[in-house]
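Colleague: Once you've had a glance at the structure underneath, I'll fire off some questions.
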Amino acid sequence: ARAPAARRSPRRCAPRAAELPAVADSAASPDELRAAPFDTALVIDVRDDAELEKEGAVVIEGSVHVPLNKEGRKQSDDPTTMDEFAAKCTAAGALPDDKNAPIITHCGRGGRGQKAKVLLTEMGYTQVINGGNAEYIAAVRAM
């Protein structure tokens, strides 16, 4: 009689791209995000305070919180200007002197992260990517 085959449990070290959290179309691709220099990049989290206070909210270690919205009002209702965002970033110590420094923005899904990317680019920063959201960034980095 043959011995029963050993049962092998599936081993997966990281999620597949199809299993990544949903993000806005404007977010960086998994390949772009994996290529980002996380060791040196400034990560700017532009979510509202209330989003960070939710139970289970994922926060990227070392990120700087600079809410894009003004007092929780949606961008469609009260868009943040470049000067307003620059002032918020300056107050948070989140504007590198080097305009070529790598910067990764993110929010709850990627829309405000994209707006922050555009504003930072208008300020002269050249290496800015929209990381989508914290869950997506964490999942891509784990791949």
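The values are calculated or read from the model by the stated rules, or taken from the named source; none is laboratory data. Every value quoted in this text rests on a predicted model; they were computed, and no experiment measured them. Backbone-built Cβ (ideal geometry, glycine too); neighbour counts: all protein chains shown. All accessible areas refer to the heavy atoms of the entire protein, side chains included, with ligands and DNA or RNA removed. Shrake-Rupley method; radii C 1.70, N 1.55, O 1.52, S 1.80 Å.
Colleague: Has region 113-132 got any residue that is of a type in the set (Val, Ile, Thr) and either touching a helix residue (DSSP H, G or I) at 6+ places or on another chain (Cβ under 8 Å) or open to solvent by less than 20 Å² (accessible area, probe 1.4 Å) (or both)?
Modeller: yes
Colleague: Would you pick out the residues in region 87-116 that are among the aliphatic types (A, V, I, L, M), assigned to a helix (DSSP H, G or I) and within 18 Å of the chain's Cα centre (by Cα)?
Modeller: ALA116
Colleague: Shifting gears a bit: Which of the following residues is closer than 20 Å to ASN133 by Cα, at pLDDT 90 or above and exposed (fewer than 15 other Cβ atoms within 10 Å of the Cβ): SER29, SER63?
Modeller: It is SER29.
Colleague: Hey, could you check region 133-143 for residues that are closer than 14 Å to ALA36 by Cα and under 10 Å from the mean Cα position of the chain (by Cα) and say which is most open to solvent (accessible area, probe 1.4 Å)?
Modeller: Filtering first and then ranking leaves ALA138.
Colleague: Out of (1) of a type in the set (Lys, Arg); (2) in contact (Cβ under 8 Å) with a residue 60 or more places away in the chain; (3) open to solvent by 60 Å² or more (accessible area, probe 1.4 Å), what's the single condition that is false for LYS74?
Modeller: (2)
Colleague: For LEU33, state whether it is without any contact (Cβ under 8 Å) to a residue 24 or more places away in the chain, in contact with a strand residue (DSSP E or B) (Cβ under 7 Å, 6 or more places away or on another chain) and not in a loop (DSSP other than H, G, I, E, B).
Modeller: No, not satisfied.
Colleague: Would you tally the residues in region 44-62 being without any contact (Cβ under 8 Å) to a residue 24 or more places away in the chain and touching a strand residue (DSSP E or B) at 6+ places or on another chain (Cβ under 6 Å)?
Modeller: So the answer is 0.
Results for (1) open to solvent by less than 30 Å² (accessible area, probe 1.4 Å); (2) out of contact with any helix residue (DSSP H, G or I) (no Cβ under 8 Å at 6 or more places or on another chain); (3) under 22 Å from ALA142 (Cα atoms), shown as yes or no for each residue.
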| site | (1), (2), (3) |
| --- | --- |
| ALA24 | yes, no, yes |
| ARG34 | no, no, yes |
| ALA41 | yes, yes, yes |
| GLY56 | no, yes, yes |
| PRO96 | no, yes, no |
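Colleague: Inspect all residues belonging to region 133-141 and state whether any of them is hydrophobic (A, V, I, L, M, F, W, C), more than 16 Å from PRO21 (Cα to Cα) and not in a loop (DSSP other than H, G, I, E, B).
Modeller: Checked against the condition, which is being hydrophobic (A, V, I, L, M, F, W, C), more than 16 Å from PRO21 (Cα to Cα) and not in a loop (DSSP other than H, G, I, E, B), region 133-141 yields no hits at all.
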